[in-house]
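The next block holds one structure in the form of structure tokens; read it before the comments.
The values are calculated or read from the model by the stated rules, or taken from the named source; none is laboratory data. On a predicted model such as this, the values are computed, not experimentally measured, just so you know. Cβ placement follows ideal geometry from the backbone for every residue including glycine, while neighbour counts extend to all protein chains displayed.
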């Protein structure tokens, strides 16, 4: 973090930032309120908070600082410097955000804390590895399978998957570059196509805004859109399939650097390149099971079955979404089961608190991202983009999904965050797509392109938490991981862009 903040902490960087804030304030003061109200946007100023967020994040590598400055600039642009009163409280002091926070911070974080405390997830993983992993191929398939099972996405998947599969993968002589790719490529990509996690609710918090109210009425409609767009999330699907084929040694091309890593470990047994500087993961390998408690696979299976059962069955029978209830009941069942099996009540609650602490940073990012979406809405960012691009794109609407995917790839790679990219792009891109062509299939293609492009950048960026933690959890050199997985991810992304362009051309012309 110190290195990332170096530029921000520099004297001249602060001066430039203050000068920019002063320019925004001066420009905003010269706007005629009547004109702003008539056209529904602040002109080029409408995009300043979103674009500044991206630039600051790219320069500082600090997502929280960048999102906060985006909100501050929104306050200056609208002459509402009290951002707490005008943006933060209206955005995060709502029942919708409270529901998202309840699932992400309390239920999901608490469940992870309980698994760390009762050892259920690790017990399951080690049982499978000891009884079914007998070769390099089966070790890689086991890693892929764990990524699918731990389908919560991001840091959650990378830590759980990487730390549970690394010992058996090392035993079977799987190169750390290979393992890091499988762990990373089944983290965020799998979370976007298996939606029983916090992602649908987070996205809903970004897209249920006034500018989308005529086609996304409420949070339930937003979540249904997320589910309907899963078949159109081409990158997420292709990335997961490519990773499976890679694990089974059935992918015909894996890039020269990955090929060299695979040949090295097979020929010499060296898990890392001779000049590599592996990221150690001792801290992530530690469990915190209380003395006297015996971990069991039932500690893992009961909460998972409750989570999936309450999520899936009501939706299949009545089309009713019960995501909040599913996560809450999964956490409660885990705590009750652990206590019944002999864990002290204080240890169970300590596990709950530890888990909540572990996702606090994610919750802060979530709050600021939702607030930035509110800022962009207030400034009329989507209205400004529509006004200046819809005439051109109406003539060639088929290029928009692929173009949005490419933009999201570049943005997310630069800032190292898919969720930060969603916060900037979704509130602007969805109204634009609807203005160009309201066809439901076209909207789903656009939605899927934004999802996939952002996940690509998050997966491949060397400043992304998932990239760093994938290297950390598997013991790989960070840049070795980046350079070996990038060709495979680019191939999946290139195919996805072609599919989006072809599908949009077929459906809307």
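List of remarks:
Residues checked against (1) closer than 19 Å to residue 428 by Cβ; (2) modelled with pLDDT of 85 or more; (3) out of contact with any strand residue (DSSP E or B) (no Cβ under 8 Å at 6 or more places or on another chain):
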site: 482; (1), (2), (3): no, yes, yes
site: 488; (1), (2), (3): no, yes, yes
site: 495; (1), (2), (3): no, yes, yes
site: 500; (1), (2), (3): yes, yes, yes
site: 503; (1), (2), (3): no, yes, yes
site: 508; (1), (2), (3): no, no, yes
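- Scanning region 232-250 for residues that are without any contact (Cβ under 8 Å) to a residue 24 or more places away in the chain and farther than 20 Å from residue 457 by Cα gives 245, 250.
- Residue match in region 431-448 (condition: assigned to a helix (DSSP H, G or I), farther than 20 Å from residue 420 by Cα and at pLDDT below 90): yes
- The lone criterion from (1) at pLDDT 80 or above; (2) surrounded by fewer than 19 Cβ atoms within 10 Å (Cβ to Cβ); (3) within 27 Å of residue 167 (Cβ to Cβ) left unmet by residue 338 is number (2).
- Residue 289, sole failed condition from (1) closer than 16 Å to residue 170 by Cα; (2) modelled with pLDDT of 85 or more; (3) surrounded by 11 or more Cβ atoms within 10 Å (Cβ to Cβ): (1)
- All conditions in (1) assigned to a helix (DSSP H, G or I); (2) buried (at least 24 other Cβ atoms within 10 Å of the Cβ) hold for residue 476, with the sole exception of (1).
- Residue match in region 481-493 (condition: surrounded by fewer than 21 Cβ atoms within 10 Å (Cβ to Cβ), under 10 Å from residue 180 (Cβ atoms) and touching a helix residue (DSSP H, G or I) at 6+ places or on another chain (Cβ under 6 Å)): no
- Restricted to region 1-93, the set of helices (runs of 4 or more DSSP H) holding at least 1 residues that are surrounded by 15 or more Cβ atoms within 10 Å (Cβ to Cβ), at pLDDT 80 or above and within 30 Å of the chain's Cα centre (by Cα) comprises 11-29, 48-60, 63-77, 89-92.
- Region 461-471, subset part of a helix (DSSP H, G or I) and surrounded by fewer than 23 Cβ atoms within 10 Å (Cβ to Cβ), residue farthest from the chain's Cα centre (by Cα): 468
- Only one entry in 436, 407 is within 20 Å of residue 373 (Cα to Cα) and touching a residue at least 40 places away in the same chain (Cβ under 8 Å), namely 407.
- All conditions in (1) surrounded by fewer than 22 Cβ atoms within 10 Å (Cβ to Cβ); (2) in a helix (DSSP H, G or I) hold for residue 258, with the sole exception of (1).
- Extreme residue, surrounded by the fewest Cβ atoms within 10 Å (Cβ to Cβ), among residues of region 297-308 that are within 12 Å of residue 119 (Cβ to Cβ) and at pLDDT below 90: 297
- Reported count of residues in region 224-249, each being surrounded by fewer than 19 Cβ atoms within 10 Å (Cβ to Cβ) and either more than 16 Å from residue 145 (Cα to Cα) or within 17 Å of the chain's Cα centre (by Cα) (or both), is 5.
- Filtered residue count, region 439-460, keeping only those that are more than 30 Å from residue 471 (Cβ to Cβ), buried (at least 24 other Cβ atoms within 10 Å of the Cβ) and in contact (Cβ under 8 Å) with a residue 60 or more places away in the chain: 2
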